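So the structure is just underneath, and the comments pick up after that.
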Amino acid sequence: MYIPAPYAESRTEELHRMIREHSLGMLVTHGPAGLDANHIPFLLDTSAETGPRLLAHVARANPVWQMGAAGSGGTDGTEVMVVFRGPSAYISPNWYPGKHETHRRVPTWNYEVVHAHGRMRMRDDEKFVRGVIARLTRQHEASQPEPWKMGDAPPDYIAELMAHIVGIEIQVERLEGKRKLNQHHSAEDRQGAIEGLEASGSAALAQAMKAAAGS
């Protein structure tokens, strides 16, 4: 990924935060048929001694898990990349105070993104898959008044569904982060962009720009 210096994000805690807050990742693989992309909710696990892992499950009918089968017995696995996209939005030059003074401003697009590079292994065992489902559920149900849990559904129903999914595990080897948030503009122009975003309904990106300015 092309990352100009002002936009580079290398802080591990920030990269992990972006993944956790925007956990629907785009899994990019390269197989015999060429490039393929699958959109999958991931769980970031940082507890393993071997380093961070991305855990997920996919439908057994989805052939992507077979690319990790070569690594299921403890070998290195298949090289993959997962893209996590944070908030993004169009930035109008009309929002910059400087535009009205010099007219030397142009449109752009602001965004946050993380690329996770690693090796994928297939995990076709019930204990692993149950654990991933339970942890994903706890994470995403936490904000609900009465969080759903696996025990709320009949055991035979859960068992039937689990027979149709396969676990995947990606050992993360490298993270690339990019936060393109008008860092090269004046404070006045950045504030104008923040106000424009808030007025147009892009509060999440406006908040990201505020946070970047204070970091």
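Applying the criteria of a DSSP loop state and at most 16 other Cβ atoms within 10 Å to the chymotrypsin sites (Phe, Trp or Tyr not before Pro) of the range 114-159 yields W148. The stretch between R85 and W109 holds 7.3 nm of extra length on full extension. This uses 0.36 nm per residue minus the Cα-Cα distance. Partner lysines whose Cα lies under 25 Å from the Cα of K149, excluding those fewer than 8 positions away in the same chain, are identified as K127. For the chain, the longest principal axis of the C-alpha atoms and the axis of helix 187-199 are separated by about 60°.
Kindly identify the range 84-176 as rounded, prolate or oblate by the Cα gyration tensor criterion: order the square roots of the eigenvalues as a ≥ b ≥ c, call it rounded if a/c is under 1.5, otherwise compare a/b with b/c, prolate if a/b is larger, else oblate. Cα axes put the range 84-176 in the prolate bin. Net charge in the neighbourhood of V172 (other residues with Cβ under 13 Å of its Cβ; Lys, Arg +1, Asp, Glu -1) is -1.
Place a label point 7 angstrom from the Cα of A199 along the Cα-to-Cβ direction, then list the residues of the range 97-122 whose backbone nitrogen is under 11 Å away. The answer is 97.
Kirkwood Rh over alpha-carbon pairs of the range 100-154, then Stokes-Einstein at 10 °C and 1.306 mPa s: what D in µm² s⁻¹, rounded to an integer? For these conditions, the coefficient is 98 µm²/s.
At an R0 of 45 angstrom, the distance between the Cβ atoms of A5 and A134 translates into a FRET efficiency of 0.60. Seen against the Cα atoms of the chain and their longest principal axis, helix 203-214 is set at about 70 degrees. Model label sites at E21 and E101, defined 7 Å from Cα along the beta-carbon direction, differ in position by 3.0 nm. The orientation-averaged projection of the convex hull spanning the C-alpha atoms of the chain amounts to 14.8 square nanometres. Overall dimensions of the range 57-116, expressed as equivalent-ellipsoid semi-axes from the Cα gyration tensor (√(5λ), whole Å, largest first), are 46, 12, 7.
Taking 19 Å as the straight-line reach from the Cα of K210, the aspartates and glutamates in range (excluding those fewer than 8 positions away in the same chain) are E9, E13, E14, E21, E112, E188, D189, E195, E198. Across all Cα atoms of the range 126-178, the radius of gyration (one decimal) and Dmax (whole number) stand at 14.4, 45 Å. For the chain, the longest principal axis of the Cα atoms and the long axis of helix 126-141 meet at an angle of about 30 degrees. Residues in the range 172-186 carry Karplus couplings, in order, of 6, 9, 7, 10, 10, x, 9, 10, 8, 9, 6, 4, 8, 8, 5 Hz; the curve used is 6.51 cos²θ - 1.76 cosθ + 1.60 with θ = phi - 60°, and Gly or Pro positions show x.
Neighbours of G86 by Cβ distance under 12 Å: Lys/Arg scored +1, Asp/Glu scored -1, total +2.
Note that the chain presents 55 Å² accessible area per residue, ligands and nucleic acids not counted, probe 1.4 Å.
The values are calculated or read from the model by the stated rules, or taken from the named source; none is laboratory data. The structure presented is a predicted model; accordingly, all values stated were derived computationally and were not measured. Virtual Cβ from ideal backbone geometry, glycine too; neighbours counted across all protein chains shown. Surface areas here come from the heavy atoms of the whole protein model, side chains and all, with no ligands, DNA or RNA. Shrake-Rupley method; radii C 1.70, N 1.55, O 1.52, S 1.80 Å.
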